[in-house]
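Engineer: Mind having a look at this structure? Questions to follow.
The values are calculated or read from the model by the stated rules, or taken from the named source; none is laboratory data. Please read all numbers here as calculations on a predicted model, not as lab measurements. As a convention, Cβ positions derive from the backbone with ideal geometry for all residues, glycine included, and neighbour counts pool all protein chains shown. Just so you know, the surface numbers come from the protein's heavy atoms only, side chains and all, with ligands and any DNA or RNA stripped out. Shrake-Rupley method; radii C 1.70, N 1.55, O 1.52, S 1.80 Å.
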Amino acid sequence: MGAFLLRRAVEAALTLIGVAIVVFVLVRVVPGDPIAMMISPGASEADIQALRALYGLDKSILAQFFIWAGHAVTGDFGTSISLRQNVVSLILSRLPATLELAAAATALAVALGVVFAVLGIMWSRRFPEKIIDGFNGVVLAIPDFIWALAFILLFGVLFPLAPISGRIDPRIEFEFVTNFYFVEALLRGEIAVLADLFAHGWMPALALGLPLAAIITRVLKGSLDQAMVEDYVTMARVKGFGRLRIVVGEALQNAAIPALTITGVQFTFLVGGTVLIEKIFSYPGIGNLAIDAVINRDLPLIQGLIVTFAVIFIFVNLSVDMMYALLNPRLRHG
Amino acid sequence: MSNTVLTIANLHAELRAGRKTGPGILRNVSLTVHQGEMHGLVGESGAGKSMIARAILGILPRSILISDGSIDCLGRQMVGLADSDRRKILGRDISLIPQDPLTALNPARRIGAQMTDVMRLHLGWSRARAHDAALALLNEVHIRDAEAVLRRYPHELSGGMRQRVLIATAFACEPKLIIADEPTTALDVTVQKQILRLLREMQNRHGTAILLVTHDLGVVAKMCRSLSVIHSGMIVEQGEVSDIVTRPEHAFTRALFAATPRYDRPADALSPVPGEVVRELEEKAATFDRARAGLS
Ligand SMILES: Nc1ncnc2c1ncn2[C@@H]1O[C@H](COP(=O)(O)OP(=O)(O)OP(=O)(O)O)[C@@H](O)[C@H]1O
Ligand SMILES: [Mg+2]
């Protein structure tokens, strides 16, 4: 276990360095000038040069990178050009909102995916299976932002059921200690606050989670189908167990391994999806922040955000690998 | 009739082929297993032995249909039995010792869980009580350090050990009938003998009737009291082992004996079953199918 973690830590460090270099160079070679975004129309050439020097943009890309990286390893990612705040504290204040949204979307996706895969197998070769497969095929083809827009039209405009923007009603008077609103409200037993968080959160979470749910359904149903003809399933039948117990108790754990792989891969897209979804629902997370940062060519903020996303992906991959060992006893030792 | 646990009468099974009757898989099979006896079901590969076993358990492949006949097990008609009723019998009154112990245990579940689940389901025992029963069963099948084995996963045990676990599990609810479908075919020769000896020891102790499916007449001669010889889905010879071993009536049985290795005979004295014997049986099977096709 120790050697495993060490290897993963080295891999993670190399990944982060790679990501940092690529992003650093990319945001500087694409057109668009952060200084041009912040100056007033009448600024003189001298003012522009002064600003450029202030942010270090007059140096070569290589020199800029080493200055940035030197600070980054100490945890200093500089100051946002457009918001004039410390990048790290800015990201840390917004990150919990995104983490809660992504976690909710993943939980929804896994729950829906498992339920529909199991139902599909329960009804295998009967009519309801065709309905599930057909419906799943449709959901598979619809991207998250289309769901977001459809939900807003349906439940925000046509039948106004729930608020369509923000994370929490600003009129709610509740002093949060952390920015993990949901976790905190849950731990402190604030039902009214939880209800409001739910009302705001279910649409973005569902929009983000549905494509992943469809993928999980498809993959898991396929591997469940294969597991159901294994000898140990026949043994369970011959022991007198019913179909639901066999699908859930015997086949599911073995079938979950391929589904977990795909979930891990697709989770990357889910986190990427928060960028658009948060913008659509004016949800105050790092995705929303990222769009503004890109529009304003806010180089320090963009770099900080990209590194944050990379760290999230590394952690997700690590936990997927740990879960393999949990599901497959043969991987547990050695 | 009170001392029979299994009576198969005139069982026909065929491959489903659209609306038509397909080729026969089992042709007019009749077979009786008495209380506490070991009945051997012998035949070459593809003869239909496993199909009989699966028909009894109600786990025939979807493509195979029982078209006629009855399977009476402990007074209950197994053909066409509702799934919910069948589930009450399976595992409790009838159990299975499978052919391949490497694939018959769930790789993701501990041995203990896979042994106790059947007792908790049918006997309603608590986890602790089933655990104690599983320990006792493992001792019976001569597994040392039973407590530790219950905590293991299947991949941590050898093939022979796994088959011992499966045998122990088959006896867990004290069934009246155990179907052992080639329980040693997947094991290596030295382990085969131990497992067969164990099976007989367990059978004597528990008094369970066993339908022993095998392609080895030598095994049947040693283990069983009665036997049925099957070919092309037809029973070609049936009766007491002592009679058949001394005076096999059917040419196929005689040929099968000639093809069975024995310690008192050099291996090169083995002769395969002659082609004309097999051809004659297949001819008979074809005639049979034609007659049934005309019938339906
Ligand atoms: N799923 C299936 N669908 C259709 N026919 C099958 C199927 N499985 C087996 N059969 C056929 O049924 C016949 C009987 O097969 P069965 O498995 O009972 O043989 P067996 O006597 O158990 O042989 P073995 O010693 O190889 O296990 C064979 O001719 C085989 O081709
Ligand atoms: Mg077989």
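Engineer: What is the antiparallel percent of DSSP beta bridges lying wholly in chain B, to the nearest 5?
Structural biologist: On the way: 25 of 45 bridges.
In chain B, DSSP labels about 55 percent of beta bridges as antiparallel.
Engineer: Still on this structure, I have one more. Is any residue of region A:231-260 close enough, with backbone N under 17 Å, to a label point placed 7 angstrom from the Cα of B:R76 along the Cα-Cβ axis, and if so, which?
Structural biologist: In region A:231-260, the label zone of B:R76 (backbone N under 17 Å from the point 7 Å along Cα→Cβ) covers A:236-243.
Engineer: Also: Can you tell me what the convex hull of the Cα atoms of the protein assembly as shown projects to on average, as an area in nm²?
Structural biologist: 40.7 nm²
Engineer: Let me ask something else. In peptide B:170-178, what is the residue-averaged number of other protein chain Cβ atoms found within 10 Å of each Cβ?
Structural biologist: On the way: counts 3, 0, 1, 2, 0, 0, 0, 0, 0.
Across B:170-178, the average partner-chain Cβ count within 10 Å equals 1.
Engineer: Using only atoms on other chains, find how many Cβ atoms lie within 10 Å of each Cβ of peptide B:116-126 and report the average.
Structural biologist: If you average over the peptide's residues, the count of other-chain Cβ atoms is 2.
Engineer: Summing -39500 (n - 2.57) over the DSSP H runs of n ≥ 4 in chain B and dividing by its residue number, what mean residue ellipticity at 222 nm do you reach, to the nearest 500 deg cm²/dmol?
Structural biologist: -12500 deg cm²/dmol
Engineer: Then there is this: For every other residue with a beta carbon closer than 12 angstrom to the beta carbon of B:L6, add +1 if it is Lys or Arg and -1 if Asp or Glu, then tell me the sum.
Structural biologist: Net local charge, B:L6 excluded: -1.
Engineer: Taking chain A as a Gaussian network, Cα atoms linked when under 10 Å apart, which of A:S89, A:S165, A:S44 shows the biggest mean-square fluctuation?
Structural biologist: Looking only at A:S89, A:S165, A:S44, the largest GNM fluctuation is found for A:S44.
Engineer: Give me log10 I(q)/I(0) at q = 0.07, 0.08, 0.14 Å⁻¹ for chain B, Debye formula, one equal scatterer per alpha-carbon, no solvent.
Structural biologist: Cα-only, vacuum Debye calculation for chain B: -0.28, -0.37, -1.08.
Engineer: Grab the Cα-Cα distance for A:F180 and A:L161, subtract it from 0.36 nm times how many residues apart they are, and report the gain in nm with one decimal.
Structural biologist: Roughly 4.4 nm would be gained on extension.
Engineer: Which three extents, in angstrom, do the Cα atoms of region A:94-297 have along their principal axes, listed largest first?
Structural biologist: 60, 36, 35
Engineer: If I take every Cα pair under 8 Å that is 6 or more residues apart in chain B, average their sequence separation and divide by the length, what percent do I get for the relative contact order?
Structural biologist: 24 percent
Engineer: Compare each residue of region A:206-236 in its chain alone against the assembly with all protein chains, and report those whose accessible area goes down by 50 Å² or more; 1.4 Å probe, heavy atoms.
Structural biologist: Relative to the lone chain, where solvent access is computed with a 1.4 Å probe, region A:206-236 loses at least 50 Å² at A:D231, A:Y232, A:M235.
Engineer: Starting from the Cα of A:A195, step 7 Å along the direction of its Cβ; do the same at A:A107; then give the gap between the two resulting points in nm.
Structural biologist: Reported label-point gap for A:A195 and A:A107 is 1.9 nm.
Engineer: A further question on this structure: What is chain A's relative contact order, in percent, from Cα pairs under 8 angstrom and six or more apart in sequence? Kindly include the intermediate steps, with their values, before the conclusion.
Structural biologist: Values: 352 pairs, mean separation 87.8, N = 334.
Value for chain A: 26 percent.
Engineer: Heavy atoms only, probe 1.4 Å: what % of the accessible area of the protein assembly as shown goes to carbon and sulfur, would you let me know?
Structural biologist: Carbon-and-sulfur percentage of accessible area, whole number: 61.
Engineer: Which helices pass in chain B if a helix is a full DSSP H run, must span at least 18 angstrom along its long axis by Cα, and must have mean Kyte-Doolittle hydropathy not below -1.0?
Structural biologist: Span-like helices, by this rule, are B:111-123, B:127-140, B:189-206, B:275-295.
Engineer: Give me the inter-chain shielding for B:104-112: mean count of other chain Cβ atoms within 10 Å, whole number please.
Structural biologist: What the average comes to for B:104-112 is 6.
Engineer: Can you give me the distance in nm between label points at B:D243 and B:R152, each placed 7 Å from the Cα along the Cα-to-Cβ direction?
Structural biologist: 4.5 nm
Engineer: Positive end of the dipole of chain B, charges at C-beta (+1 Lys, Arg; -1 Asp, Glu), about the Cα centre: which of B:G43, B:S84, B:N3 has its Cα farthest in that direction?
Structural biologist: It is B:S84, whose Cα lies furthest towards the positive end.
Engineer: Further question: Spin-label point model (7 Å from Cα, Cβ direction): what's the A:K59 to B:I59 distance in nm?
Structural biologist: Placing both labels 7 Å along Cα→Cβ, they lie 7.1 nm apart.
Engineer: Given a cut-off of 31 Å, name the pairs among A:K221/B:K88; A:K221/A:K279; B:K49/B:K176; A:K239/B:K49; A:K130/A:K279 whose C-alpha atoms lie farther apart than that in the structure shown.
Structural biologist: Values: A:K221/B:K88 28 Å; A:K221/A:K279 33 Å; B:K49/B:K176 20 Å; A:K239/B:K49 20 Å; A:K130/A:K279 36 Å.
The answer is A:K221/A:K279; A:K130/A:K279.
Engineer: Let me ask you something else. Taking accessible area as the heavy-atom solvent-accessible surface of the protein chains with a 1.4 Å probe, which residues of region B:20-59 lose no less than 40 Å² upon going from the isolated chain to the full protein assembly?
Structural biologist: Hits at the 40 Å² cut-off: B:I59.
Engineer: At 1.4 Å probe radius, can you tell me the per residue accessible area of region A:66-196 in Å²?
Structural biologist: Counting only protein heavy atoms, the per-residue value for region A:66-196 is 58 Å².
Engineer: Please list the non-local residues whose amide H lies under 5 Å from the amide H of B:S30, H modeled 1.01 Å from N, same-chain partners needing a gap of 5 or more.
Structural biologist: B:N10, B:L11, B:I235
Engineer: What order do you get for A:310-319, B:195-204, A:216-225, B:89-98 when each peptide is scored by the mean count of other beta carbon atoms within 10 Å, highest first? Numbers along the way, then the final one.
Structural biologist: Values: A:310-319: 16.3, B:195-204: 18.0, A:216-225: 22.1, B:89-98: 24.4.
Top of the packing list down: B:89-98, A:216-225, B:195-204, A:310-319.
Engineer: Cβ under 12 Å from B:I179's Cβ, B:I179 left aside: what net charge do those residues give with Lys, Arg +1 and Asp, Glu -1?
Structural biologist: In short, 0.
Engineer: Now for a different question. With a 10 Å radius around each residue's Cβ, average the other Cβ atoms per peptide and rank A:194-202, A:153-161, B:168-176, highest first.
Structural biologist: B:168-176, A:194-202, A:153-161
Engineer: Provide the gained length on full extension for the span A:A36 to A:S319, in nm with one decimal, where the gain is 0.36 nm per separating residue minus the Cα-Cα distance.
Structural biologist: 97.6 nm
Engineer: Ignoring ligands, DNA and RNA, how much accessible area is buried between chains A and B, both sides summed, with a 1.4 Å probe, to the nearest 100 Å²?
Structural biologist: 2100 Å²
Engineer: Please list, or write none, the lysines whose alpha carbon is within less than 17 Å of the alpha carbon of B:K284, excluding same-chain residues fewer than 8 places away.
Structural biologist: Within the straight-line cut-off, B:K284 pairs with nothing.
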